[in-house]
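See below for the structure under consideration.
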2 protein chains.
Amino acid sequence: MGVRKPTLRSVAEAAGVSTATVSYAFSRPDRVSAEARTRVLAVAGELGYAGPDAKGRSLRTGRTGAVGVIFTTGLTYAFTDPYVTAMLAGLAEALEPSRTSLMFIPFGEVSAGMAPDQVRRSVDAVHRAMIDGAVADGLDDDHPAVRVLAERGIPLVRSNETAAGPSVVIDDRQAGRDVGRHLAGLGHRDIVALVATPHEPGRVVEVTEQTPLFPYSRLRLTGLRESLPADTRLRVISGGSNSALAGQVAARAVLRGSERPTAIAADSDVLAAAVAGVARERGLWLGAGLSLTGFDDQPVAAELGLTTVRQPVHRKGFLMGRMLVDPDSERGRITLPTELVVRRSTGPAPSVRLGE
Amino acid sequence: MGVRKPTLRSVAEAAGVSTATVSYAFSRPDRVSAEARTRVLAVAGELGYAGPDAKGRSLRTGRTGAVGVIFTTGLTYAFTDPYVTAMLAGLAEALEPSRTSLMFIPFGEVSAGMAPDQVRRSVDAVHRAMIDGAVADGLDDDHPAVRVLAERGIPLVRSNETAAGPSVVIDDRQAGRDVGRHLAGLGHRDIVALVATPHEPGRVVEVTEQTPLFPYSRLRLTGLRESLPADTRLRVISGGSNSALAGQVAARAVLRGSERPTAIAADSDVLAAAVAGVARERGLWLGAGLSLTGFDDQPVAAELGLTTVRQPVHRKGFLMGRMLVDPDSERGRITLPTELVVRRSTGPAPSVRLGE
DNA sequence: TTGTACGCGTTATCAC
DNA sequence: GTGATAACGCGTACAA
């Protein structure tokens with residue numbers, strides 16, 4: 001006596017109707033007589049049949065009712081990043097009306113010299129994910145995950161400007177220029193750009209041409225460079241992936257010794273907040289001894305009086321979700337506005353530099 | 001000429017082999033000769049076949065490679081709650097080795113008088129979710145989501161003590177007693193317990209016997225009551241679901257006028273942090289004019305010098321995940337320890353009360 | 001309402 | 001050791 005789970009077919013047999021009738025009784029009540037329906041439901045109840053199986057249904061319909069989010073940072077980090085959570089909130093809001101679920105797909109950090117076996121396993125995860133569409137932030141066109149999704153024919157919406165295909169973006173290069181112009185206008189000629197790079201935070205690296213960068217960082221740096229006078233000294237460093245720890249170690253390295261810059265342009269408010277903490281330890285006054293900019297304009301920026309670039313993160317997530325779920329929504333690329341919000345963390349560069 | 005997506009069968013035909021061979025070529029490389037394998041992969045490449053379809057495979061194997069997380073708070077709120085994100089981080093860590101994905105399933109707030117239609121749609125979402133297992137926090141046994149999962153035969157791990165079945169819990173009642181004993185020992189006899197309730201934050205309600213509470217709140221309140229002397233005045237209020245806003249409105253209501261308590265026991269650090277902010281506005285000194293306790297011991301608690309109950313949230317999530325993916329892991333119920341962390345936000349009750 | 005192809009792959013079993 | 005055969009897995013949609 002197999003006590004196997006009841007199926008739609010077994011219910012149909014027990015109720016003496018066709019499988020189609022059972023299916024309709026559950027999924028399209030109006031397509032079946034009330035009488036037949038109650039009978040089917042009664043039998044189903046007796047047998048402990050809970051309704052059409054999700055896997056069978058999705059095979060048949062070709063849809064899964066879920067949208068994937070590809071993470072390249074490890075979910076543990078992702079959930080602590082306010083940029084990410086804000087975007088997810090917007091995404092969730094867009095999906096809620098259609099009751100579409102969200103699926104989180106962790107993909108290791110490829111560029112950080114991931115072992116081939118690791119890549120393979122990550123690719124497999126993307127391959128196996130039961131999703132109707134996907135969103136991702138900062139994946140270049142040649143990223144394995146992007147390739148796999150394309151092969152599978154799964155629509156992908158990204159939020160980086162380097163993406164070919166549907167995307168919701170900001171003008172990162174222009175934002176970089178805005179920051180550079182602001183700092184240059186205040187007289188800063190020795191600047192450190194602090195970016196996040198895809199590796200475990202804790203180790204400080206000097207960023208060179210060869211260093212793998214997130215697409216947005218590259219664009220912002222381009223903008224930054226363009227807008228700085230030729231005699232500006234610009235160093236680019238990273239303490240690892242976007243986190244307080246990365247900001248701390250980087251700030252400690254930079255603010256120690258005589259090579260201290262007059263301004264630090266951080267690539268996120270999270271990094272900037274960490275720098276602010278270290279600056280305070282060192283007795284540096286933001287906007288005086290050290291100027292500091294962030295990015296995103298998360299709540300922490302206002303709290304700290306941080307000059308930063310405001311971008312509509314929540315809206316970004318919302319629009320990405322809409323592109324996937326709403327067939328009537330705008331296609332192609334949507335560019336959202338950014339705005340430099342000047343607060344008290346930036347000020348005139350110290351006018352006299354010793355040792356020059 | 002249908003340009004339909006290639007299937008395993010079409011690849012098999014094109015390569016002149018059986019479907020089994022193609023399947024093995026992708027999923028069990030060792031089960032097929034290297035020669036046949038390369039041929040199959042070559043043909044697959046030509047046809048643009050990306051490998052076995054996830055939906056077909058999952059129907060056949062009965063597995064989806066994902067576990068669900070049931071949310072009753074709206075994803076938008078969830079992502080901003082440090083308790084939730086910490087638990088998710090732990091969960092993600094447990095799932096990562098098996099490359100299991102995480103699926104977020106929003107379920108409206110049932111107890112808050114959800115419309116029947118809403119309930120139905122939420123139930124459907126749980127029904128349709130393609131998951132092998134699920135975790136949930138604070139769902140009672142009679143919650144619709146719990147019922148559906150049981151009917152579907154999907155393993156569920158919860159983190160509330162009221163759960164029958166697998167769970168990872170803390171002793172909430174004991175934690176409540178610890179808080180009560182601490183406050184009573186400091187002489188407090190007029191206490192407000194501030195809890196989260198499942199409704200939109202912003203409106204303050206006095207909690208009565210009939211008010212729907214999260215299971216953990218009920219237990220903590222029981223413990224709190226047990227440990228307070230008989231002459232203690234205890235009021236229980238809520239400003240809505242766990243959030244800064246809920247804490248703010250509740251604190252404003254409570255700290256205004258002559259009915260002000262000498263201590264507030266908040267059910268989370270998030271709520272307590274909000275209370276601390278309002279207290280500061282009112283010129284109340286924590287630990288002197290007003291004593292305040294939190295719950296969870298999130299980083300913010302240490303920052304604010306908040307007396308709170310420490311619970312291993314990350315570990316909770318990790319163990320829940322392990323129970324689902326690791327068949328060798330401990331079954332049944334795991335109880336994790338809590339600890340009252342006394343900081344400067346609690347102090348002796350003002351010795352003389354006016355108006356008594 | 002019902003009969004019945006069809007969606008796509010997996011895996012035990014068998015034959016060489 | 002390799003490859004093929006064929007029986008599933010569960011529901012949906014179209015035609016009758």
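Restriction of the chymotrypsin sites (Phe, Trp or Tyr not before Pro) in region A:248-356 to DSSP coil positions whose beta-carbon has at most 14 other beta-carbons within 10 angstrom yields A:Trp285. Comparing A:Val309, A:Val22, A:Val249 in a Gaussian network model of chain A (Cα springs below 10 Å), the most mobile by mean-square fluctuation is A:Val22.
Taking only C-alpha pairs under 8 Å that are 6+ residues apart, what is the relative contact order of chain B in percent? About 17 percent, as a whole number.
Springs between alpha-carbon atoms under 10 Å, Gaussian network over chain B: tell me which of B:Pro116, B:Pro52, B:Pro215 tops the mean-square fluctuations. Per the Cα network of chain B with a 10 Å cutoff, B:Pro52 tops the list. Counting lysine pairs in the protein assembly as shown whose alpha carbons fall under 25 angstrom apart, excluding pairs fewer than 8 residues apart on the same chain, gives 5.
On the beta carbon distance between A:Arg147 and A:Asp231, with R0 = 41 Å, the FRET formula returns roughly 0.40. Close amide H partners of B:Met103, meaning residues 5 or more places away or on another chain with modelled amide H under 5 Å apart, are A:Phe104, B:Val67, B:Gly68, B:Val69.
Tell me, what is the percent relative contact order of region B:171-310, built from C-alpha pairs under 8 Å that lie six or more residues apart?
26 percent
Other residues with beta-carbon under 12 Å from the beta-carbon of A:Thr162 carry, at +1 per Lys or Arg and -1 per Asp or Glu, a net charge of -2. Specify the angular offset, from 0 to 90 degrees and rounded to the nearest 10, of the alpha carbon long axis of helix A:82-95 from the longest principal axis of the alpha carbons in chain A. So the inclination is approximately 30 degrees. Whole-Hz Karplus values for region A:310-324 come out as 7, 9, x, 5, 4, 5, 4, x, 4, 5, 4, x, 4, 4, 7 Hz, taken residue by residue from phi with 6.51 cos²θ - 1.76 cosθ + 1.60 and θ = phi - 60°; glycine and proline positions read x. By how many degrees, between 0 and 90 and to the nearest 10, does the Cα long axis of helix B:34-47 differ from the longest principal axis of chain B? In chain B, helix B:34-47 runs at an angle near 80 degrees to the longest axis. Counting only DSSP H runs of at least 4 residues, each contributing -39500 (n - 2.57), and dividing by the residue count of the protein assembly as shown, the helix-based mean residue ellipticity at 222 nm comes to -12500 deg cm²/dmol. Across region A:201-217, rounded Karplus estimates of 3J(HN,Hα) from the backbone phi angles (6.51 cos²θ - 1.76 cosθ + 1.60, θ = phi - 60°) give x, x, 10, 8, 10, 7, 7, 10, 4, 7, 5, x, 10, 5, x, 5, 4 Hz, Gly and Pro being marked x. Axis of helix B:172-185 versus longest Cα principal axis of chain B: the two differ by about 20°, to the nearest ten degrees. Here the contact order of region A:247-356, divided by its residue count and restricted to Cα pairs under 8 Å and six or more residues apart, works out to 27 percent. Shortest first, B:Arg60 label-point distances to identical copies amount to 2.0 nm, with the label point at 7 Å from Cα along Cα→Cβ.
With the Cα gyration tensor of the protein assembly as shown giving a ≥ b ≥ c as the square roots of its eigenvalues, does the rule (a/c under 1.5 for rounded; else a/b larger than b/c for prolate; else oblate) give rounded, prolate or oblate? Walk me through the intermediate numbers first.
Working: a/c = 2.16, a/b = 1.12, b/c = 1.93.
In terms of gyration-tensor shape, oblate.
In region B:123-215, which GluC sites (Glu not before Pro) are in a loop and have at most 13 other Cβ atoms within 10 Å, using DSSP for the loop call? Provide the component values of the computation, followed by the final result.
Details: sites: B:Glu151, B:Glu161, B:Glu206, B:Glu209; in loops: B:Glu161, B:Glu209.
The qualifying sites are B:Glu209.
A Förster distance of 41 Å, applied to the separation of the beta-carbon atoms of A:Ala42 and B:Leu245, puts the FRET efficiency at 0.30. Shown in residue order for region A:333-342 are the 3J(HN,Hα) couplings computed by the Karplus curve 6.51 cos²θ - 1.76 cosθ + 1.60 at θ = phi - 60°: 10, 10, 9, 9, x, 10, 8, 7, 9, 8 Hz (x for Gly and Pro).
Rounded, prolate or oblate: pick one for region A:171-310, where a ≥ b ≥ c are the square roots of the eigenvalues of its C-alpha gyration tensor, a/c under 1.5 means rounded, and failing that, prolate if a/b is larger than b/c, else oblate. Rounded, since a/c falls under 1.5.
Within 12 Å, Cβ to Cβ, of B:Ala66, how many net charges do the neighbouring residues add up to if Lys/Arg are +1 and Asp/Glu are -1? The answer is +3.
Remark on A:Leu340: its backbone amide H falls under 5 Å from those of A:Arg310, a criterion applied only to residues 5 or more positions apart or on other chains, H modelled at 1.01 Å from N. Annotation: amide H-H contacts under 5 Å for B:Leu290 (H modelled 1.01 Å from N, sequence separation of 5 or more, or interchain): B:Trp285. Return the whole-Å distance between the Cα centroid of region B:6-20 and the Cα centroid of region B:153-232. Value for the Cα centre distance between the two parts: 60 Å. Charged neighbours of A:Glu259, selected by a Cβ distance under 10 Å, balance to +3 (K, R count +1; D, E count -1). Taking a ≥ b ≥ c as the square roots of the eigenvalues of the Cα gyration tensor of chain A, is the shape rounded (a/c under 1.5), prolate (a/b larger than b/c) or oblate? It comes out prolate by the Cα gyration axes.
Bear in mind these aren't lab numbers, they're just calculated from the coordinates by the rules spelled out. Just so it is clear, the model here is predicted, and its values are computed rather than measured. Note that we place each Cβ from the backbone using ideal geometry, even for glycine, and neighbour counts take in every protein chain shown.
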